[in-house]
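Peer 1: Sharing a structure with you now.
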Amino acid sequence: MRIGQTSFVTFVSKFLASGAGFVGTIVFARLLGADVLGRYYLLLSIVAWLALVGTLGFESAIAKRLSEGEDRGAYKVAGGLCMAALTGSIVVVLFLGEGLVQQLFDIRRVEFVAVLLLVGVASSYVDSMLNGVHLVHVASSLRPVRQIVRTVLQVGGILLSFGLAALVYGYAAGSLVIVVVGLYFVGRPYRLPTRAHFESLYEYARYAWLGRIRGKTFNQADVLVLGVFVSDELVGVYAITWSLANFLIIFSNAISSALFPELSKLSAEDSFERVSSLIEDSFAYAGLFTIPGLVGGVLLSDRLLRIYGSEFLKGTEVLWLLIVAVLVYGYQSQIVNALSGIDRPGEAFKVNAVLVVSNVVLNFALIWQYRILGAAIATATSVVLSFVVGYFVLRSHVSVSLPVERIGTQVVAAAGMGVVVATVERVAQPVFPLVDPTATAALLVVVGALAYFAFLWALSGEFRTVVRENAPAIGL
């Protein structure tokens, strides 16, 4: 499967998964309110950080070593044993120190943490193997299945009045889909590893773990710090704005997932000219959806947040700042992905360290005074700093440059889209009060998407070529 097709399959899968999660979140918000949602997202944030200790970068190391094509069976077993030992140790500590954990994190049931941690690490393990054996499209296709199962069970549990427990166990059940079905596709061989296999994984993982911290910091650090300084309700409001902003980054993530095994293989073959070309292509399309999303977020933030309920309008000022953050993060992710793919985990470590340290420091410095707005400013600022540093680090290893012209075309198309959306909103304003707010928001989003791609199709011959080259095979 070609990279463009793999990226498209990954994107569609992520889009469907995010769409199911989006619908589920609306239901959760309306049935449970911001307070319960705040506790749920805070719980997920805590588990996400614990999972970092349960993996310590070994999931990235597994994907890297398997993608190189040698001793796959041994690396599967070695990586699984490492992650199992780390995660098992955390679970034991959780139950031994149950009282302290409940006091520190305001968690009423430690078993919630243990369940989410176990299934989360297990699904990460299987996902890393699928990516490593070049089954990125399979790993991606499983995501919407997981999300649909998760959402259906969560909504059903809420309707049966199980509250937070429904959210937790529904989430866990969805993750088990990845584990069971994913293991089937990974298949054999599995072989007993030697010490050399463990050492090889460790050499890569000792740098790669910060890449995972980068992702968790970007998505979870602000939520965790907010839990210290603000109410559960504001945590819930902020989490909803994050879910909207993160929806826009799925195409950039799809590109990273599709490119990593290819970059790894090409760098092992010393095909650095092809590596440079692929990296520049990833830059060109990383903002394909996020750039128009920023324009749409500025124009429609009130309408989008009103879908969840009036209490979530407190996040209106925050939404567009978070979209700026995910836009820059999309480009920063391509840099880190490229450095990891060409076997420069130490350099990726440095770039990630900039994001992690600046994000945590700025969150503590700004949240206590500016609350959720401070969290958004901290996140956006840290991502920009990391991107700038990362770009110069990448250029010291590979001859690449930002495709300014191609990105500029997307900006122009997004500006045209903004004019169309603003015009439609103004003309139809007398009618909108008579229609459900969710329907009007959806209508404007659809109009904006159609306008953006129409402008982009007209402006960019390269975009037309890319679509034509990949569309026939996608339809097969």
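Peer 1: Could you check, for the stretch 417-428, whether at least one of its residues is at pLDDT below 90 and of a type in the set (S, T, Y)?
Peer 2: Taking the stretch 417-428 as the starting set, the residues that turn out to be at pLDDT below 90 are 425-428.
If we keep only those that are of a type in the set (S, T, Y) too, we end up with none.
No - not one qualifying residue is present in the stretch 417-428.
Peer 1: Output the residues belonging to the stretch 59-75 that are of a type outside the set (K, R) and buried (at least 20 other Cβ atoms within 10 Å of the Cβ).
Peer 2: If the condition is that a residue be of a type outside the set (K, R) and buried (at least 20 other Cβ atoms within 10 Å of the Cβ), then E59, S60, A61, I62, A63, L66, S67, A74, Y75 are the ones that fit.
Peer 1: L294: open to solvent by less than 20 Å² (accessible area, probe 1.4 Å) and either within 30 Å of Y204 (Cβ to Cβ) or modelled with pLDDT of 85 or more (or both), yes or no?
Peer 2: Values: open to solvent by less than 20 Å² (accessible area, probe 1.4 Å): no; either within 30 Å of Y204 (Cβ to Cβ) or modelled with pLDDT of 85 or more (or both): yes.
When the stated conditions are applied, L294 does not pass them.
Peer 1: Tell me the residue from V324, V328, V351 that is open to solvent by less than 30 Å² (accessible area, probe 1.4 Å) and modelled with pLDDT of 90 or more, please. Explain how you work it out, then say what you get.
Peer 2: On the way: V324 fails: open to solvent by less than 30 Å² (accessible area, probe 1.4 Å); V351 fails: modelled with pLDDT of 90 or more.
Exactly one of V324, V328, V351 is open to solvent by less than 30 Å² (accessible area, probe 1.4 Å) and modelled with pLDDT of 90 or more, namely V328.
Peer 1: Only residues in the stretch 339-350 that are more than 12 Å from S67 (Cα to Cα) count as the first member; pair them with residues that are part of a helix (DSSP H, G or I) and of a type in the set (D, E), Cβ under 8 angstrom, at least 6 apart or cross-chain, and list the lot.
Peer 2: L339/E347
Peer 1: Also: Applying the selection to the stretch 333-346, what residues are open to solvent by 40 Å² or more (accessible area, probe 1.4 Å) and either farther than 30 Å from L266 by Cα or in contact with a His (Cβ under 9 Å, 6 or more places away or on another chain) (or both)?
Peer 2: R344 - this is the single residue of the stretch 333-346 that is open to solvent by 40 Å² or more (accessible area, probe 1.4 Å) and either farther than 30 Å from L266 by Cα or in contact with a His (Cβ under 9 Å, 6 or more places away or on another chain) (or both).
Peer 1: Would you list the helices (runs of 4 or more DSSP H) that sit entirely within the stretch 373-476 and hold 1 or more residues that are open to solvent by less than 20 Å² (accessible area, probe 1.4 Å) and in the same structural domain as G309 (by the TED database)? Spell out how you get there, then give the answer.
Peer 2: Details: elements: 404-427, 437-459, 461-474.
Per the criteria, 404-427, 437-459.
Peer 1: Name the helices (runs of 4 or more DSSP H) wholly within the stretch 148-237 that hold at least 3 residues that are modelled with pLDDT of 80 or more and surrounded by fewer than 19 Cβ atoms within 10 Å (Cβ to Cβ)? Break it down stepwise before answering.
Peer 2: On the way: elements: 164-186, 195-216, 222-229.
Because the criterion is at least 3 residues that are modelled with pLDDT of 80 or more and surrounded by fewer than 19 Cβ atoms within 10 Å (Cβ to Cβ), the helices (runs of 4 or more DSSP H) in the stretch 148-237 that meet it are 164-186, 195-216.
The values are calculated or read from the model by the stated rules, or taken from the named source; none is laboratory data. If you're wondering where the values come from, they're calculated on a predicted model, not measured in any experiment. Using ideal geometry, Cβ is built from the backbone for each residue, glycine included, and neighbour counts are taken over all protein chains shown. For the accessible areas, the whole protein counts, side chains as well, though only heavy atoms, and no ligand, DNA or RNA atoms are used. Shrake-Rupley method; radii C 1.70, N 1.55, O 1.52, S 1.80 Å.
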